[in-house]
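Following: one structure in structure tokens, then a few remarks.
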Amino acid sequence: MDVFRYTCEACGQNLDLIYDYPAVRKAVSKTGLDRSGEKGIWRYAPLLPVSAVPRNLGIQVGGTPLADVTARFPDCRCRRLLVKDDTRNPSGSCKDRASEVALAHAGTLGQTRLIGASTGNAAASLACLSAWHGTEAIILVPAAAPAAKLVQIRQYGARMIPVAGNYDEAFDLAARLSDSLNLYNRNTGTNPVLCEGKKTAALEIAEQMRWEVPTKVLVPVGDGCILSGIHKGFTDLLNLGWTDRIPQLIAIQAEGSAAVANACRSGDSITAVEPGTVADSIAVSHPRDGLKALRAIRESGGFCLTVSDNEILDAQHKLARRSGIFTEPAAAAAAAGLEKMIIEDNVDAEDVIVLLATGSGLKDIPAAQRLLPEMRPYPADFGFLHDLLISHESAGVSPL
Ligand SMILES: *Cc1c(COP(=O)(O)O)cnc(C)c1O
């Protein structure tokens with residue numbers, strides 16, 4: 001393959017990668033996955049668009065825990081509630097799944113310079129894994145991205161170009177630069193390989209559940225790449241005959257960035273919005289995989305929900321308190337969606353629900369601080385602290 005075409009030559013729309021499923025079935029069985037010796041995403045290599053699996057020896061993308069938090073959320077009243085903890089990827093978000101496959105794919109094309117635009121996480125991820133693999137990353141970010149993400153990108157040594165514009169402008173510029181300078185394009189949506197990377201979260205969920213598919217998967221949606229990736233993963237498994245259905249995909253968007261949810265409700269095509277939300281990773285004007293996401297939501301019998309910034313920050317704290325999983329606001333949006341479903345009596349007693357925790361709370365500390373009361377230091381005095389703890393204990397509140 002000399003030239004890799006990212007989008008459809010005829011209509012310019014995004015592409016889907018289709019596999020020769022009978023050939024995959026011959027190459028690997030669901031009980032034979034362990035034979036690869038891989039714990040991360042490369043255990044699914046026969047279902048990924050690269051022929052040579054990178055030798056990682058030390059860094060692991062994917063293979064993240066599926067935490068059972070049913071007992072911690074009695075108010076959910078479902079059969080099981082699970083959190084796919086993708087905060088534990090090397091750069092702290094699920095974007096590593098896509099970057100890792102993109103880097104391997106770029107390698108097969110002989111390209112070692114990659115470019116991408118990002119609201120933060122995709123860039124941090126590309127920077128991290130480029131540092132690991134020894135490739136060059138050029139990153140266009142909106143200058144207003146959270147500071148921790150920008151620092152992360154620079155620490156990894158990527159060439160970061162903050163753009164005095166929004167994500168959508170950075171996105172278009174990166175695409176044009178990729179064309180004119182022949183750089184590998186790691187823009188979400190445009191490059192179908194990224195969706196293939198994201199789908200590995202679905203493959204892992206199914207395998208971790210012993211091929212029993214959950215009834216619902218809650219996915220925070222910005223561009224819609226994660227959600228379409230999850231759909232693709234479950235579709236691949238169904239086509240292989242490893243599972244017997246696709247879960248309902250529930251798309252959660254921020255009220256202030258709800259282009260996909262608006263189209264879901266109205267039945268019309270997607271129109272751009274002016275995004276404004278604390279959840280920067282899902283603040284998107286024009287969803288680059290919106291069409292794929294809409295199709296996935298409809299085909300899976302799912303639906304869309306929107307949540308306010310306060311609901312997101314409440315859910316962030318609740319999830320952290322109850323499960324020890326600290327998520328950034330975009331990921332907490334999925335938890336806020338669950339809260340909404342509970343309030344609206346939209347959870348079935350037989351539901352097995354998976355919540356996708358897409359990114360770490362450490363990526364945006366100012367956001368996580370917003371709803372926490374301010375704290376002042378106590379006197380460094382034993383008697384004082386002793387009495388303080390006793391008084392809190394008797395009042396039945398935690399000293400912290
Ligand atoms: C990118 C991202 C999302 C949204 O994914 P899309 O593919 O843009 O819909 C959600 N949460 C986090 C933490 C992300 O980094």
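The values are calculated or read from the model by the stated rules, or taken from the named source; none is laboratory data. All of these numbers come straight from a predicted model, not from anything done at the bench. Backbone-built Cβ (ideal geometry, glycine too); neighbour counts: all protein chains shown. In case anyone asks, the SASA skips ligands and DNA or RNA and just uses the protein heavy atoms, side chains included. Shrake-Rupley method; radii C 1.70, N 1.55, O 1.52, S 1.80 Å.
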Condition check for LEU338: buried (at least 24 other Cβ atoms within 10 Å of the Cβ), part of a helix (DSSP H, G or I) and aliphatic (A, V, I, L, M): yes
Single match in SER130, SER118, SER99 (criterion: modelled with pLDDT of 95 or more and within 12 Å of the ligand (Cβ to nearest atom)): SER99
Whichever residue in segment 283-316 is closer than 15 Å to ALA333 by Cβ and hydroxyl-bearing (Ser, Thr, Tyr) and, among such residues, is nearest to the ligand (Cβ to nearest atom): THR306
Answer residue from segment 321-331, given it is away from the ligand (no atom under 15 Å from the Cβ) and assigned to a helix (DSSP H, G or I) and is surrounded by the most Cβ atoms within 10 Å (Cβ to Cβ) among those: SER323
Tabulated pairs, segment 218-244, first part of a loop (DSSP other than H, G, I, E, B), second surrounded by 23 or more Cβ atoms within 10 Å (Cβ to Cβ) and acidic (Asp, Glu), C-beta under 8 angstrom, 6+ apart or interchain: ASP223/ASP289; GLY224/ASP289
Residues (within 11 Å of the ligand (Cβ to nearest atom) and either of a type in the set (D, E, K, R) or open to solvent by 10 Å² or more (accessible area, probe 1.4 Å) (or both)) located in segment 189-201: LYS198
Residue satisfying all of: in segment 214-250; open to solvent by 10 Å² or more (accessible area, probe 1.4 Å), among the aliphatic types (A, V, I, L, M) and more than 16 Å from the ligand (Cβ to nearest atom); farthest from ALA330 (Cα to Cα) among these: LEU238
Of residues in segment 251-280 being open to solvent by 20 Å² or more (accessible area, probe 1.4 Å) and either within 17 Å of the chain's Cα centre (by Cα) or within 12 Å of the ligand (Cβ to nearest atom) (or both), the one nearest to SER93 (Cα to Cα): ASP280
Scope segment 165-174; condition surrounded by fewer than 23 Cβ atoms within 10 Å (Cβ to Cβ) and either part of a loop (DSSP other than H, G, I, E, B) or of a type outside the set (Asp, Glu) (or both); matching residues: GLY165, ASN166, LEU173
Subset tally (residues that are of a type in the set (Ser, Thr, Tyr) and part of a loop (DSSP other than H, G, I, E, B)) for segment 183-211: 2
Qualifying positions in segment 347-382 - hydrophobic (A, V, I, L, M, F, W, C) and open to solvent by 90 Å² or more (accessible area, probe 1.4 Å): LEU362, MET375, ALA380, PHE382
Selected residue [free of Cβ contacts under 8 Å to residues at least 40 places away in the same chain, within 15 Å of the ligand (Cβ to nearest atom) and open to solvent by 10 Å² or more (accessible area, probe 1.4 Å)] from PRO146, PRO142, PRO162: PRO142
Lone unmet requirement of (1) closer than 21 Å to ALA357 by Cα; (2) in contact with a Ser or Thr (Cβ under 7 Å, 6 or more places away or on another chain) for ALA158: (1)
Checklist (1) in contact with a Ser or Thr (Cβ under 9 Å, 6 or more places away or on another chain); (2) at pLDDT 95 or above; (3) of a type in the set (A, V, I, L, M) applied to ALA283, failing item: (2)
Residue pairs meeting the criteria (Cβ under 8 Å; at least 6 apart or on separate chains; first among the polar types (S, T, N, Q), in segment 25-42; second crowded, with 16+ Cβ neighbours inside 10 Å): SER36/TRP42; SER36/ARG43; SER36/ALA45
Segment 288-304 residues that are open to solvent by less than 10 Å² (accessible area, probe 1.4 Å), paired with ones that are assigned to a helix (DSSP H, G or I) and not aliphatic (A, V, I, L, M) (beta carbon under 6 Å, 6 or more apart): ASP289/CYS225; ASP289/SER228; ALA293/SER228; ALA296/SER228; ALA296/HIS231
